[in-house]
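One structure below.
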Amino acid sequence: MKTEKRQFSRVPFHREVVIFPVFPSYSEDFPDPPLSGQARDISGGGIAFKSERPLKVGSFLKLRFEMEKSHLVETFGKIVWAGEDRYGFAFYPISGITGFPQEWD
């Protein structure tokens, strides 16, 4: 049986995600307007989503999505894993709020 190494539990989360580059150097990888993706699940540490356009592991991004009706969230972070058309996005840690350790590499 596979042991789960996650600090936070995942929950299903099916919402549209709007994807923005953070650094101008990534701008050429993104069309104008920003990319759109589909969230699959979310946790206290990040979100998994699908994107038809390839994204690079290590890319710093801003995501925008609705947690619930009329509750828009914008968060910064980076792509930490990539599958065929799925990506794992780790939320940028805010000490004392997200529960992450101080280092974030």
**Prompt:** Which one is modelled with the highest pLDDT, of the residues in region 75-94 that are under 16 Å from Phe8 (Cα atoms) and part of a loop (DSSP other than H, G, I, E, B)?
**Reply:** Tyr92
**Message:** Go through region 51-65 and report how many residues are surrounded by fewer than 13 Cβ atoms within 10 Å (Cβ to Cβ) and closer than 15 Å to Glu16 by Cβ.
**Reply:** 2
**Complete:** When every residue in region 6-50 that is assigned to a loop (DSSP other than H, G, I, E, B) and at pLDDT below 80 is compared, the one surrounded by the most Cβ atoms within 10 Å (Cβ to Cβ) is Phe30
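The values are calculated or read from the model by the stated rules, or taken from the named source; none is laboratory data. Predicted, not measured: the structure shown is a model, and the values here were computed from it. As a convention, Cβ positions derive from the backbone with ideal geometry for all residues, glycine included, and neighbour counts pool all protein chains shown.
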